Structure formats: structure tokens, C-alpha cells
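Engineer: Sharing a structure with you now.
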There are 2 protein chains.
Amino acid sequence: MARGEKRPVTVHTIAKHVGVSPSAVSTVLANRHEERRLAPATVEKIRAAVRELGYVPNIAARRLRAHDPEVHHHELGILTSFEAPVFLVSRVLRQVQRLADARTGAGRRYSISIEMFHAGRLRAMPGLLNASRFNGVIVTNTVPEDDAFLAGTTLPYAVVVLGRRLPNYCCVLDTPGEIGRKAAEILLKGDCRSPVVLTPALLTQSTAERAEAFCATVRAETGREAARVAALGFTPANGAEALRAHLGAGRRCDGLYAVTDSLALGAYQAIKDAGRRIPKDIAVVGVGDHEHADFFDPPLTCVGPSNDTIVEQVVTQLFYLMTHRRVKPVEIFVPPSVVRRASA
Amino acid sequence: MARGEKRPVTVHTIAKHVGVSPSAVSTVLANRHEERRLAPATVEKIRAAVRELGYVPNIAARRLRAHDPEVHHHELGILTSFEAPVFLVSRVLRQVQRLADARTGAGRRYSISIEMFHAGRLRAMPGLLNASRFNGVIVTNTVPEDDAFLAGTTLPYAVVVLGRRLPNYCCVLDTPGEIGRKAAEILLKGDCRSPVVLTPALLTQSTAERAEAFCATVRAETGREAARVAALGFTPANGAEALRAHLGAGRRCDGLYAVTDSLALGAYQAIKDAGRRIPKDIAVVGVGDHEHADFFDPPLTCVGPSNDTIVEQVVTQLFYLMTHRRVKPVEIFVPPSVVRRASA
DNA sequence: CGGAAATGCTAAATCGATTTAGTCGCAAGC
DNA sequence: GCTTGCGACTAAATCGATTTAGCATTTCCG
């Protein structure tokens, strides 16, 4: 049982409680009491105390003691917010592991983990500031509060930021302006006259810029304004609901740009339910952040960040920073990828 | 630059190299040299040595030193293989975080991370055996080699296994037999006469049992054999290709059970391309392991593990084990969830 | 010229767990 | 009677980094 607000239980606590030395406790914890000939009665007393006091070993201490002093251990982290989808993150992890495996050898070892923070609460993640958790991190899916935190301190280890532009860090970025523009061009070239852009109500920097560039392009090319439809959240259900409302109100729409694929998926449903056909009545463009955009019905035309390139860049940068400790942060812009499929 | 096979560089190495004490080095590393009045020349020499020797701080040591001795730190891990999709894993993480947040307080803190291993190489994950990485873990997406490893040793901390049955651990399991049976029943009740089961060529324990139970039920109810179609892999493209071959060869099919939703998604495409309608010509049943099964066109009827329940159970068990150190391992079977949608 | 203040650094303790090299009694053996 | 051996345990070193307290010098100022 945990003891309210007392100091954590350590081997010393237990040792004192039982009246033996910490070594004896440790011996029992490691199940070495046979070979080290502890009296069965003592072992039982120690076991009882461990249970009674609710001992939880200190991992940092164990690791320090357990590690082989001949090998260099590197801790890498991929930090992302809970609120964001893990699709891209898991690809990043796989790529990090690939490079790490390649340089793992006799004296070198890597641990890679994904850790999540509540959007806006990155600063609360323990060990970030005092560098006591990672030798290098990739940070992604931050919100402005997190960005402000990062911009305010220069973390003293390798940091690569994915999807945000921060002056003091190495950043890998897509080009939402270009993406929005190209999406608009595709729709307009397909003779779309009443373009609509579907966004979540809470815009991230990326989604805002995509939508903005889309509207600006429409304005520049046609002199008219694109309609903006805001979904409550990021899910297909949110997208479906928002677009259903738009179409149901009799508003025009013959071309749709959804700033995330999940919204596009919801939009598909709303469009079909309204008896419209894709792309004949309404052409749809997504961004390609969904694993299976290719299997939407019809397959979704996508204009968006080139994930392959982004993943590769971000991981390459991380390893570069870790070996070469660069002084100047760099910004890497990854041009959009355009995949024409049947939906526009 | 890393120095080949030498011992890792520590603050001592650097101190000796420069001719100062480790404290001075540490001071510079923490950027406290101003307030502690180190001579600028010394600072520069130390910085140069840090760069030259390629110093990488030991995280375990930093953590041990940095942590507040008043707070109890708990390390939780979710271990999964690279080769598996992260959909369920990310849900597990969110749920773990929820419970952890609920019990985080003054003297208590949790760190939760996802770590991945190569399928079959779980044993190679450092710190598992000597308990130097986690106070508790959820293990999932193991393959038989990993299971053998786990079965062979009883890890001395809280372990919950998701999706595998191991005698010495607390396991949370779906019931693939029941799932396969119910899937068959749904199709047969819909007057399906030529049922087909679509599986990946490399069957996992779960997918094998689902398919097996499906076929057994068909046999028992109708006296005929269900056709088995094997896809090369787990992706929609694999599923589409396999089913296309089946339909193209003129083989019968008026009801399909796909043992993963990604295969079902591919099957949708093959079916539509062949000019058949869902569910009129071919009814389709999936398992509900895809986030957006609800937005397939038509929405996918699913008979599969009840992910909500599984996630909840697995996390509850983890926290239970961590506080109560149970002696007897338990097996928790989660009954299937059936979600009727339009596809069958 | 003497004392105070500033400068520039180091020794040693610390974090928590593990392990090596003993220590201390007591019984058995010669 | 003295050694040997064993049973049951402990003291102290260790892992690597950080921090506190403090020790020499040198400089400043009246």
C-alpha cells in the first residue's frame, strides 16, 4: 500500500524496517538469496516488508547500476501530443529505428520511445528542461503554447521539430501555402466554380495556412471567395456533419478541399448521402495524411506534405545533430506531393 | 567524433583531458559557468573537449541525480512490435495516461512510453530481464518466439499481455473462436450460400483462429466448405489483389469475412471493380480494428474484439498489478462486439 | 600594509540499487 | 587446542552526473 505523502520507499527503508542491511534486501529483490545463502526466515521477513511498504524500485538508479560501462547508451524520444493521430509518428519511429539499428554495434546502443504530452503542456514533461531523459528528440504536433515554451528555452541536446517553425531549432516543415495553392489549382482546372474548403474549427498553424492559401488562390484566379466550412473536430463524423449542414442548407459546392483526410472521409459520406457523385458533381481533394486514402471510394486525390520525405529528413537531421552538434539551426522545407487519383 | 570501441566519454574523461575537475565540466554542461564564475578560457577549453571527444551524457545518471527524492516515479511501458499497426496501441496509451493522470499527485508521477521491438526479438529489448527500465508494462503484438521468451521467465514486475495466452502472466484476450462463429452466423442468416474468408498468408494466432472458427461454423450449419482466400500481406492492396484473383477466376462468392479491416477495405475495391454490389451481391463482415470502419462505403459490419473493453481491461489490470502485486496470474476473456452496419 | 572582497576552482556528498569482498560466530575435524 | 569451513550477513565501492561547501589566490581599498 502506498503511504500517502511520505518519502518513496527505498531498499534502505525496507532494510531499516526489517533490521537488515540494504544488501540483503537487494539480494532478495533480485532473487539471489539462494546462492547468497540468506536464511529463509530473513527472506520471508524482507518479502513481507517489500509488500507491506509498497516498494517500487527506482528505475534510474537501477539503470545506472545495471548498464554495462563499456557501451554507450543513447536515448531517443519522439514526442507528440495525445490529441494528434499517430500515423506519421509511427512512421517516424520506424525510420529512427532503422537508422539506429544501422549504427548499433559493440559499444553503442539506442533506445527509442514515443512519449505523449497533452497539447499545450509540453513544458510539463519531466526531464525535458534538465536534459535528464533524452539525448535527442523529435517533437511534433505541438500547439502554440508548446511552441512558445520551446522558443523560450534552447534545450541542450539534439532537437528536431516537425511541422513547426521555431527560430532556435532545427525544423522540418511542409509548405502549407504551396499545398493550399496547388489544391485550389487542381479544383479550378477541373472547372470547379464553387469551391469549398473544409477545416476543423480549431485550426493548427498548418491547417490554417493551407486553407488561407487555398482561398487566396481562388480569389486571385476567379475573383470570388471560396466558402469555408468548419467542422467541430478532426474526425470523419465531424467532417460529415459539417458538410451535411452546408449541403443541406442549399449552399453551392462543386469542389471540396479538406485540410485533413479524415475530414475528407466524412465529407465523402455527406456527399453521397446528398445524392451527389464524386468527382462528377463534387470533386474532392485531400492532403494524404491517411494511410488508406488510396482505398477511399473513389480513391482520394491528395495534395499534401510528402510524408516519405518528411520522415526521412527529420530522422536524418536528428542523427546529424547528435553526431555533429550543429550550431546554426536549419529549416528544411519539404515540397508538397501531389497524387492524382479519381476524386478530382 | 565517436572513438570507435573505447569506453564511453564521461565528465571524468573530459575533466582529465582538460586538466580540471568533473565539477567544472558539469558546470559548463549545465551552462552555469557565469554564476559560478569559471574563467572564460576554461569554459572554452571544456567546450572544445566536449565537442572533440563526442560526449553524450548518461541519461540514467542524470535522472538519478535530477529527480526529486520526494516524488515516487513510476515508469510504464507499452511494448509492441514494429510490424504491427499502432491503432490499438495508441488507444492503450491514452487510457494508461488517463488512469495515470488520475493518480498523479504531489508525491507521485508517471512516465509512459511506447517502445517497439522487432517481431520475435522481444528478448533483445534491454532492461526487460533485469527490470531496469519499467515498473510495469503492457506487451502486445508478440509472435511465438516472443511468447516463448516470456513463458520462459517470469519478469519481476507488473506485466499484462494483450492478445496472447501465457500461463505465467496476466493476459487479456479476445475470443477469436466466438468471433469467427458469429461472423459466419451473420453471413449465413443473410442467406449467404458461398461464403469466403479472406486472411493474410501469414496467419497470427488470432487470425488463424478466427478463420478456423468461421469455416467450422459454415461446415456445421450448411455441410459445405467456405472458400479460403489468402492475401500476401495485411494491407488493403494485398486484400484487393487476392480477392480480385478469386472473383476474376469466376469462383463463387456472395459473402465475405475479412479477418482484418484493412483486408476488408481492399476487398471493397475488388468487389466494386468487379461490378458487384455490397451487400446485395456480396455481403462483407470485418472485425472492427480500423478506426474508420464506420466510414467505409458502405459502412462495414464488424464482428471482432471489443476494443473499448480490451483497452479498459488491460490498463485496469496493469494498475491493479502495480498496487496489489497479485500472485496468481489471471486470464481475462473479452467477448466479441458485434456492430451491424450496412455491409452485411 | 592589513583586512575584505572577488576570483577561480576543487573535494566530497548525494541520488538509489547492486555487488564484491569481507566479517563474525559457531561447529567440525585433526 | 587450533585450524578450517560454513552459514548468515554487512561495509563499502560502484555506476555517472550534479551541487554544496569551501579552499587558495589575487585584487582592492582605506
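The values are calculated or read from the model by the stated rules, or taken from the named source; none is laboratory data. A quick note: this is a predicted structure, and the numbers were derived from the prediction, not measured. Heads up, the Cβs are rebuilt from the backbone with ideal geometry, glycines too, and the neighbour counts pull from every protein chain shown. We work out accessible area using only protein heavy atoms, side chains counted, and drop any ligands, DNA or RNA first. Shrake-Rupley method; radii C 1.70, N 1.55, O 1.52, S 1.80 Å.
Engineer: In the neighborhood of A:Ala100, defined by Cβ-to-Cβ distances under 13 Å, what is the net charge if each Lys or Arg adds +1 and each Asp or Glu adds -1?
Structural biologist: Working: positive: A:Arg94, A:Arg98, A:Arg103, A:Arg108, A:Arg109; negative: A:Glu75, A:Asp101, B:Glu115.
Within the 13 Å Cβ shell, the charges total +2.
Engineer: Show the residues, 5+ positions off or on another chain, whose built amide H is closer than 5 Å to the amide H of A:Val284.
Structural biologist: Distant-sequence amide H within range of A:Val284: A:Leu256, A:Ala344.
Engineer: Taking the Cα centre of chain A as the origin, how large is its charge dipole in debye, to the nearest 20, when only Lys and Arg (+1) and Asp and Glu (-1) carry charge on their Cβ atoms? Before the final figure, lay out each step's value.
Structural biologist: Working: 44 positive and 34 negative charges, 196 e Å.
Dipole magnitude for chain A comes out near 940 debye.
Engineer: While we're looking at this one, here's another question. Which residue, A:Tyr110, A:Ala158, A:Ala208, has the largest displacement toward the positive end of the dipole of region A:69-216 when charges sit on each Cβ (Lys, Arg +1; Asp, Glu -1)?
Structural biologist: A:Tyr110
Engineer: What does the copy distance list look like for A:Phe333, label position 7 Å along Cα→Cβ, in nm and ordered from shortest?
Structural biologist: 6.0
Engineer: So, for chain A, what is the accessible surface per residue at a probe of 1.4 Å, expressed in square angstrom?
Structural biologist: 44
Engineer: Average partner chain C-beta neighbours within 10 Å, per residue of A:292-304?
Structural biologist: For this peptide, the per-residue mean of nearby foreign Cβ atoms is 4.
Engineer: Any idea how far the Cα center of region B:311-328 sits from the one of region A:57-104, in Å?
Structural biologist: So the two Cα centres are separated by 25 Å.
Engineer: While we're here: For a quick protection proxy, order the peptides B:71-79, A:211-219, B:161-169 by their average other-Cβ count within 10 Å, most packed first.
Structural biologist: Details: B:71-79: 22.2, A:211-219: 20.7, B:161-169: 19.0.
Most protected by this proxy first, the peptides run B:71-79, A:211-219, B:161-169.
Engineer: Something else: Test of the criteria: in region A:242-286, which trypsin sites (Lys or Arg not before Pro) are in a DSSP loop and have at most 15 other Cβ atoms within 10 angstrom of their Cβ? Spell out each step's value before the answer.
Structural biologist: Numbers: sites: A:Arg244, A:Arg251, A:Arg252, A:Lys272, A:Arg276, A:Arg277, A:Lys280; in loops: A:Arg251, A:Arg252, A:Arg276, A:Arg277, A:Lys280.
Passing sites in region A:242-286 are A:Arg251, A:Arg252, A:Arg276, A:Arg277, A:Lys280.
Engineer: Something else now. Any chance you could look up the accessible area of A:Val315 with a 1.4 Å probe, heavy atoms only, rounded to 10 Å²?
Structural biologist: 0
Engineer: What number comes out for the charge environment of A:Thr175, summing +1 per Lys or Arg and -1 per Asp or Glu over other residues with Cβ under 14 Å away? Provide the component values of the computation, followed by the final result.
Structural biologist: Values: positive: A:Arg164, A:Arg165, A:Arg181, A:Lys182, A:Arg210; negative: A:Asp174, A:Glu178, A:Glu209, A:Glu212, A:Glu331.
My count for the surroundings of A:Thr175 gives 0.
Engineer: To continue, here is another question. Give me the percent of DSSP beta bridges within region B:72-168 that run antiparallel, rounded to the nearest 5.
Structural biologist: In region B:72-168, DSSP labels about 5 percent of beta bridges as antiparallel.
Engineer: Straight-line reach from B:Lys45: which lysines fall under 17 Å, measuring Cα to Cα and dropping same-chain residues less than 8 apart?
Structural biologist: Answer for B:Lys45, where 17 Å is the Cα cut-off: B:Lys16, listed by chain and number.
Engineer: Moving on to the next point. Roughly what % antiparallel, to the nearest 5, for the DSSP beta bridges in chain B?
Structural biologist: 10
Engineer: What does the net charge come to around A:Pro144 if you take all other residues with beta carbon closer than 15 Å to its beta carbon, with K and R at +1 and D and E at -1?
Structural biologist: -1
Engineer: Once both labels are modelled 7 Å past Cα along the beta-carbon direction, what's the A:Ala151-A:Glu212 spacing in nm?
Structural biologist: It is 1.3 nm.
Engineer: If each label sits 7 angstrom from Cα along the C-beta direction, how far apart, in nm, is A:Arg94 from its counterparts in the other copies?
Structural biologist: Listed shortest first, these distances are 2.2 nm.
Engineer: Still on this structure: Taking 8 Å as the Cα distance limit and 6 or more residues as the minimum spacing, I'd like the relative contact order of region B:11-65 as a percentage.
Structural biologist: In percent, rounded to a whole number, it is 33.
Engineer: Beyond 26 Å between alpha-carbons counts as too far, so tell me which of B:Lys189/B:Lys272; A:Lys189/A:Lys272; B:Lys182/B:Lys328; A:Lys182/B:Lys272 fall in that bin.
Structural biologist: The pairs that break the limit, which is 26 Å between Cα atoms, are B:Lys182/B:Lys328; A:Lys182/B:Lys272.
Engineer: If you average the sequence gap of Cα pairs under 8 Å that are 6 or more apart and divide by the length of region B:72-168, what percent do you get for the contact order?
Structural biologist: Values: 142 pairs, mean separation 33.2, N = 97.
Once normalised by length, the contact order is 34 percent.
Engineer: Can you list the copy-to-copy distances for A:Phe82, using a point 7 angstrom from Cα toward Cβ, in nanometres, shortest first?
Structural biologist: Ordered by distance, the counterparts are at 3.0 nm.
Engineer: Another one. Treating the beta-carbon of each Lys and Arg as +1 and of each Asp and Glu as -1, no other charges, what is the dipole magnitude of region B:56-169 about its Cα centre, to the nearest 20 debye?
Structural biologist: For this selection, approximately 240 debye.
Engineer: Highest mean first, what order results for B:294-306, A:17-29, B:222-234 on Cβ atoms within 10 Å?
Structural biologist: B:294-306, A:17-29, B:222-234
Engineer: How much mean residue ellipticity at 222 nm does chain A get from its helices, if each DSSP H run of length 4 or more adds -39500 (n - 2.57) and you divide by all residues, to the nearest 500 deg cm²/dmol?
Structural biologist: -13000 deg cm²/dmol
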